[in-house]
Protein chains: 2
Amino acid sequence: MSLDQLSQEEQSTVLRVRKRVIEAIGRNMDLYGVTLSTGHLYGLLFFADKPMTLDEMGREMSMSKTSMSTSMRTLLDLNMVNKVWEKGSRKDLYEVEYDWYQTFTDYFAIEWRKAVETNIQIIRRSIEEISRMMREIPEDTAIRGVLEVDKRKMEGAVRYYSWLNRLIDCLENGDIYQLVPKE
Amino acid sequence: MSLDQLSQEEQSTVLRVRKRVIEAIGRNMDLYGVTLSTGHLYGLLFFADKPMTLDEMGREMSMSKTSMSTSMRTLLDLNMVNKVWEKGSRKDLYEVEYDWYQTFTDYFAIEWRKAVETNIQIIRRSIEEISRMMREIPEDTAIRGVLEVDKRKMEGAVRYYSWLNRLIDCLENGDIYQLVPKE
DNA sequence: TGGTATGTACAGAAAAAACTGTACAAAGTA
DNA sequence: TACTTTGTACAGTTTTTTCTGTACATACCA
């Protein structure tokens with residue numbers, strides 16, 4: 001059901017309400033590391049009654065096509081919007097992922113998982129290196145103590161990262177809903 | 001145990017290993033919305049053997065004191081570092097919060113909670129407004145359909161936010177460790 | 001109380017990021 | 001095949017953010 005079937009006054013009423021919500025959603029999308037204007041684009045798409053093309057968005061947003069294109073790329077990479085295929089149309093169509101639980105999960109599965117994996121690898125390698133050094137150093141020397149402390153700190157970090165990994169697993173496989181049901 | 005008890009060579013070895021880890025930690029701190037250089041400062045503090053003052057950090061970091069001051073403020077606000085009081089010293093002392101589980105929880109309790117609360121309030125108010133409008137509009141009109149759809153979308157959002165709120169509760173009260181034990 | 005050390009506010013400079021317009025590549029259509 | 005249409009790469013511009021240095025407020029000390 002499209003907006004242009006409505007009277008001028010009705011349209012502006014609906015748009016005013018939407019705008020406030022779009023603003024609110026967009027403003028907090030920096031938690032996902034996306035730009036305010038990308039957030040607005042997302043909000044626009046959230047209220048769209050059907051998948052939209054870049055041109056349609058441009059009509060409502062006063063943004064360059066290039067900007068919109070890169071914004072959509074960002075949102076696609078985060079699985080926050082989906083590309084929809086419609087035969088007969090050459091244009092790309094976008095629609096928001098309305099399953100926000102999934103969106104939340106994907107964000108962690110994508111961004112946080114990536115960070116965790118890199119860090120865990122770097123730290124493990126560093127622990128290895130330190131252990132190797134320690135084997136070649138006599139006991140009760142100053143450097144041994146320093147290495148010991150550093151190593152312990154890094155081991156703590158690895159333990160935390162492994163927990164975070166398991167937490168993300170629980171998001172992905174849905175176990176989290178046992179503890180925190182959708183309602 | 002301080003580094004300057006060690007030989008030049010030993011020091012450089014330790015510093016090389018640390019630097020790689022600091023780099024890794026700092027690079028991914030953008031997930032918490034903090035700057036790369038703030039991340040480096042955090043990393044420096046992570047390996048420090050005792051709470052540090054701004055001047056001590058300045059000696060190792062080549063950053064202006066102002067920058068460091070604001071960085072520390074940011075990290076304090078996120079509960080990622082703590083201010084330590086040591087009598088006899090006029091200087092502020094900072095040390096990292098080594099409980100990273102707590103750090104993770106606090107981040108959500110602070111940043112995400114804030115976003116959720118604002119959005120939930122704005123959306124609830126908008127739902128109210130729409131409901132009020134609908135009561136004054138005859139059935140089976142075009143605008144009613146539009147309002148209906150918008151309302152349903154917003155109700156979905158509220159449901160998600162309430163879930164997120166409960167998830168953050170579970171982080172704060174520790175219930176999360178039933179599902180994902182620290183090990 | 002005056003003197004000194006310490007952290008931060010503020011304004012301006014530097015750096016980074018976001019945005020735009022053009023030019024082009026890719027893919028569909030006749 | 002030539003002709004469109006559509007999305008994106010890229011370089012340059014604008015905007016935003018981060019960083020710095022100075023000036024100042026605060027708190028401690030003698």
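With θ set to phi - 60° and the Karplus curve 6.51 cos²θ - 1.76 cosθ + 1.60, what are the ³J(HN,Hα) couplings of the stretch B:163-173 in order, to the nearest whole Hz, using x for Gly and Pro?
4, 4, 4, 5, 5, 5, 3, 5, 5, 5, 8
With each run of n ≥ 4 DSSP H residues scored as -39500 (n - 2.57), what mean residue ellipticity at 222 nm is computed for chain A after dividing by its residue count and rounding to the nearest 500 deg cm²/dmol?
-21500 deg cm²/dmol
Just the Kirkwood number for the stretch A:3-96, please: inverse of mean 1/r across all distinct Cα pairs, in Å, one decimal.
Computed over Cα pairs of the stretch A:3-96, the Kirkwood hydrodynamic radius comes out at 13.8 Å.
Separation between the A:SER7 and A:ALA142 pseudo-spin-labels, each 7 Å from Cα along Cα→Cβ, expressed in nm?
So the label points at A:SER7 and A:ALA142 sit 8.6 nm apart.
Kindly tabulate the residues in the stretch B:126-155 with an accessible-area decrease of at least 20 Å² between the chain alone and the assembly of all protein chains, using a probe of 1.4 Å.
B:SER126, B:GLU129, B:MET133, B:ALA142, B:ILE143, B:VAL146, B:ASP150, B:LYS153, B:MET154
List nothing, just return the count: lysine pairs in chain B, 8 or more apart or interchain, with Cα separation under 19 Å.
Close lysine pairs found across chain B: 7.
How much length is gained if the chain between A:GLU172 and A:ARG16 is pulled fully straight, taking 0.36 nm per residue apart and subtracting their Cα-Cα distance, in nm to one decimal?
Additional length available on full extension: 52.5 nm.
How big is the C-alpha Rg of the stretch A:1-57 next to the rule-of-thumb value 2.2 N^0.38 Å, as a ratio?
Ratio of Cα Rg to 2.2 N^0.38 Å: 1.22.
Just to confirm, what accessible area per residue do you get for the stretch B:1-125 at 1.4 Å probe, in whole Å²?
Each residue of the stretch B:1-125 exposes 53 Å² on average to a 1.4 Å probe.
Could you state the angle between the C-alpha long axis of helix B:65-77 and the longest principal axis of the C-alpha atoms of chain B, as a value from 0 to 90 degrees rounded to the nearest 10?
Between the helix axis and the principal axis of chain B, the angle is about 50 degrees.
Rank A:ILE137, A:ILE110, A:ILE25 by mean-square fluctuation in a GNM of chain A with C-alpha springs under 10 angstrom and give only the top-ranked residue.
Evaluated over chain A, the most mobile residue of the options is A:ILE137.
Under the rule of at least 5 residues apart or a separate chain, name every residue whose amide H is placed under 5 Å from the amide H of A:VAL81.
Those qualifying (amide H under 5 Å, at least 5 residues apart or on another chain) are A:LEU76, A:GLU97.
Over the alpha carbons of chain A, what is the largest minus smallest coordinate on each principal axis, giving the biggest first in Å?
Principal-axis extents of chain A (Cα, largest first): 85, 40, 33 Å.
At A:ARG59, label 7 Å along Cα→Cβ: distances to the other copies, nm, ascending?
So the distances to the same position in the other copies read 6.7 nm.
Given label points at 7 Å from Cα along Cα→Cβ, what nm distances, shortest first, separate A:LEU36 from the same residue in every other copy?
2.4
Give the interface area between chains B and A as buried accessible surface, both sides summed, probe 1.4 Å, in Å² to the nearest 100.
5900
Roughly to the nearest percent, how much of the accessible area of chain A is carbon and sulfur, given a 1.4 Å probe?
Exposed carbon and sulfur together represent 47 percent of the surface.
Connecting C-alpha atoms closer than 10 Å in a GNM of chain B, tell me which of B:LEU78, B:LEU147, B:LEU54 has the biggest fluctuation.
Taking springs between Cα atoms under 10 Å, the residue moving most is B:LEU147.
With an 8 Å Cα cut-off and a minimum separation of 6 or more residues, compute the relative contact order for the stretch A:4-119 in percent.
19
Which residues, if any, in the stretch B:1-39 lose at least 40 square angstrom of accessible heavy-atom surface (probe 1.4 Å) when the other protein chains sit next to their chain rather than the chain being alone?
Correct list: B:MET1, B:LEU6, B:VAL14, B:VAL17, B:ARG20, B:VAL21, B:ALA24, B:ASN28, B:LEU31.
If I fit a long axis through the Cα atoms of helix A:8-27 and take the longest principal axis of the Cα atoms of chain A, what angle between them do I get, 0 to 90°, rounded to 10?
The angle comes out at about 10 degrees.
List the pair-distance distribution P(r) of the stretch B:100-179, using every Cα-Cα distance, as the percent of pairs falling in each 5 Å bin from 0 up to the bin containing the longest distance, rounded to whole percents.
3, 14, 20, 16, 13, 10, 8, 7, 5, 3, 1, 0
Mind checking the log10 I(q)/I(0) for the protein assembly as shown at q = 0.15 Å⁻¹? Debye, one equal scatterer per Cα, no solvent, two decimals.
Here log10 of I(q) over I(0) equals -1.31.
The values are calculated or read from the model by the stated rules, or taken from the named source; none is laboratory data. On a predicted model such as this, the values are computed, not experimentally measured, just so you know. Ideal geometry is used to build each Cβ from the backbone, glycine not excepted, and the neighbour counts take in all protein chains shown. For the accessible areas, the whole protein counts, side chains as well, though only heavy atoms, and no ligand, DNA or RNA atoms are used. Shrake-Rupley method; radii C 1.70, N 1.55, O 1.52, S 1.80 Å.
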